[in-house]
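Data block below; observations after.
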């Protein structure tokens with residue numbers, strides 16, 4: 001293991017070695033062979049040999065294919081030329097204007113400052129103050145640090161498509177198993193068993209993804225049944241930032257109700273765009289009188305900051321912190337004066353950014369859940385276009401045999417809130433009759449900062465009873481044909497309103513929070529349904545409480561219409577039973593409704609073990625007056641999340657079992673893992689080491705084949721995967737325990753961690769005169785592999801492979817070198833590392849041959865370079 005020292009020679013654009021040396025405490029003593037005083041290092045009294053560390057370069061002049069990272073974000077894999085900078089005497093990377101643009105630098109700002117960008121070898125630190133370029137030779141990675149003011153807005157939150165990875169060929173099964181076995185007097189005292197398994201299956205090959213969703217049900221009172229819900233192929237079309245789906249899927253339109261169909265669909269994938277181009281945000285315009293700073297805040301949080309030149313400015317790359325909340329724009333001039341203005345912002349569904357287009361198109365055959373019946377071929381398409389920062393236009397079309405629907409709409413952002421309205425006209429021909437009608441859909445959203453209130457309302461209304469959606473038309477056709485007499489049993493919607501309100505009371509929710517949600521639907525056959533929920537939550541000391549009220553009412557139309565209504569009031573208290581973060585949590589719940597009252601109390605928490613094991617125990621009295629209780633436990637392992645429970649009541653008792661996990665088959669074998677998302681990763685340790693955990697996923701660890709399943713990943717964005725090395729034995733070491741990957745949608749990406757296994761040894765080295773070896777002396781093995789450099793006490797900690805129990809060390813310091821043989825003693829149980837004292841019996845002057853250093857070939861893939 002090498003000692004971490006600053007290597008200025010590897011960091012272009014920093015101080016010259018002489019300056020760096022002075023910063024470390026260079027002395028003027030002529031007799032000091034190194035020119036350094038070691039007094040600033042505790043316990044170090046001998047001279048140090050660190051000149052080679054400060055004056056050496058990690059790269060020879062030439063052209064290399066490297067991964068470029070700008071401010072920590074990947075910016076692409078490019079061929080970069082390295083040459084000697086006459087000003088510093090160091091080998092530094094050369095940039096062209098094109099390469100700077102690809103790295104995310106806004107070259108227009110540099111040109112505006114009079115910087116010449118025509119050369120073939122531009123030095124980044126000379127172009128931009130406080131910018132730097134650091135070449136990481138072992139990983140073939142060029143790290144750029146560029147002040148944000150010089151970064152192009154279009155690169156914020158964006159990963160170059162050249163770094164998107166389609167992943168490895170693999171197949172997986174995601175399962176969710178729930179099994180119940182119970183006994184009840186209502187079933188005559190017999191056992192009742194039921195099991196259901198939800199399956200999400202997939203296979204990846206290149207950019208193609210095959211997906212299937214299925215269900216398996218079985219039980220003592222039902223026949224075993226397997227039902228496939230849908231199967232489809234999908235791939236991304238990166239050039240047009242869209243997703244193509246072929247097979248059984250659902251339409252994805254903001255203007256029409258979604259329907260399941262068999263066919264093909266092409267739709268925009270907003271995740272392929274930079275963060276500042278996704279969703280909707282207003283354009284902020286203003287005027288600066290000097291080189292000013294513009295700050296934008298939403299809900300009190302700073303979400304944007306940039307430096308603008310004198311004159312008018314336009315901000316088009318905002319990334320709002322939420323869907324609602326007015327913007328506060330502060331212009332800070334060079335003299336410190338401030339101007340503050342406000343910009344209204346609320347984002348309903350029918351809003352996209354200025355100049356952006358969002359579309360979807362589908363063509364195929366309508367699919368029904370039941371068998372038989374009409375399954376017409378149809379086409380559907382919709383389009384949204386941002387005309388300006390505050391106006392979006394929308395249009396859509398659906399067509400099938402005997403059915404057409406046309407939709408037009410617009411979204412407007414105002415100070416009173418964001419509003420969108422779309423109108424749909426339908427024509428449905430069925431059983432010799434032609435019906436037509438119109439429907440309006442009004443959406444409203446607003447965040448009131450003064451009162452900290454969030455309001456959202458969606459109102460739909462059919463202007464006459466002739467309006468039909470595509471599903472209405474198909475089910476009506478099946479009913480009239482007698483194929484499905486129960487199709488479309490319910491009335492067609494006349495009007496529907498859904499509202500939501502959230503209110504925080506006081507600064508920082510000092511007086512709690514209040515929420516309200518309600519829905520009211522009316523149908524043309526006089527049926528009605530209504531629901532309302534109101535809640536208030538707060539805390540008193542360590543006790544948190546929630547008061548809630550809900551109301552539900554259904555009225556069925558027709559001559560035999562029935563009414564049903566219910567009201568529920570509840571009070572829930574929760575409190576810690578003890579102090580500390582791991583203290584169990586107790587709770588009490590009181591409920592009152594028309595059929596009676598119930599009370600329940602319980603406790604839950606985590607067991608004080610290394611395993612992630614949670615538990616809960618409850619007891620109470622039900623609305624029927626009988627007692628009830630339950631106990632449950634769950635744990636998250638590397639291969640699944642498992643749960644078990646037992647419950648009893650006045651007339652029953654039951655046991656439940658659950659398991660949620662995945663089985664992944666890939667080129668390295670088969671692994672069991674936790675439930676995975678549509679996009680997930682494989683972490684590989686090479687050579688295989690079992691039991692290595694992942695730092696961000698509880699319970700996940702590598703199996704015998706060295707692979708671990710990383711349950712989820714964000715497509716088209718940088719995903720960091722880290723190893724949890726805290727529990728590793730001393731015989732395993734990683735050069736890099738953190739890897740980055742950018743998967744495409746649906747990809748099964750793979751990151752590889754190179755492991756060194758063997759014996760960890762600390763060599764304590766002394767010079768021929770008996771003094772500790774000089775600080776900074778290099779230590780290599782007989783094959784020329786660098787083991788490390790000595791610390792101020794002449795020690796070096798190294799990892800030796802199993803075949804290196806005997807060997808020879810080559811130590812170099814102060815233009816001298818010596819060879820020291822060693823032989824490792826037998827292992828000691830529980831020993832983290834071994835200590836061996838070695839002495840250099842004789843030293844000789846280093847023979848300088850200056851052999852040419854081999855750099856990676858142009859076009860070489862960094863992943864193939866052996867570290």
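Within the P(r) computed for region 729-768, what percentage of the Cα pairs occupies the region above 12 Å?
That tail contains 72 percent of the Cα-Cα pairs.
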(request) Go through 788-795, 569-576 and give me the packing order, highest mean Cβ count within 10 Å leading. (result) 788-795, 569-576
(message) Going by average Cβ density within 10 Å per residue, which order do the peptides 222-232, 639-649, 79-89 take, highest to lowest?
(response) 639-649, 79-89, 222-232
(request) Using only alpha carbons, build the gyration tensor for region 105-234 and give me the equivalent ellipsoid semi-axes, biggest first, whole Å. (result) 62, 17, 14
(request) Provide, in order from the shortest bin, the percent of all Cα-Cα pairs of region 426-467 in each 5 Å bin, continuing until the bin that contains the maximum pair distance. (result) 6, 18, 17, 12, 11, 9, 8, 7, 5, 4, 2, 1
(message) Quick check of the Kirkwood formula: for region 648-693, what is the inverse mean of 1/r over all pairs of different Cα atoms, in Å?
(response) 14.1 Å
(request) Please give the FRET efficiency for residue 513 paired with residue 414, using the beta carbon to beta carbon distance and R0 = 30 Å, rounded to the nearest 0.05. (result) 0.65
(message) Just to be sure I follow: if Rg is taken over the C-alpha atoms of region 636-735 and Rh is the Kirkwood radius over the same atoms, what is Rg/Rh?
(response) 1.12
(message) Give me 753, 680 sorted ascending by neighbouring Cβ count inside 10 Å, so fewest comes first.
(response) 753, 680
(message) Cut-off is 10 Å between beta-carbons; in what order do 134, 666 appear when sorted fewest neighbours first?
(response) 134, 666
(request) First check a/c for region 401-556, with a ≥ b ≥ c the square roots of the eigenvalues of its C-alpha gyration tensor; if it is under 1.5, answer rounded, and if not, answer prolate when a/b is larger than b/c or oblate otherwise. (result) oblate
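Going by how many other beta carbons lie within 10 Å of each one, how would you line up 261, 172, fewest first?
172, 261
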(message) I need the semi-axes of the equivalent ellipsoid of region 513-648: take the C-alpha gyration tensor, multiply each eigenvalue by 5, square-root it, list largest first in whole angstrom.
(response) 37, 19, 17
(message) Just to confirm my numbers, what's the Cα centroid distance between region 110-161 and region 490-523 in Å?
(response) 49 Å
(message) I'd like to compare 702-709, 214-221: which one has the highest average count of other Cβ atoms within 10 Å, and what's the full order after that?
(response) 702-709, 214-221
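Each reported figure results from applying straightforward, stated rules to the coordinates on display, with no laboratory input. As the structure is a computational prediction, the values presented were derived from the model and not from experiment. Positions of Cβ are generated from backbone atoms using ideal geometry, with glycine treated the same way; all protein chains shown enter the neighbour counts.
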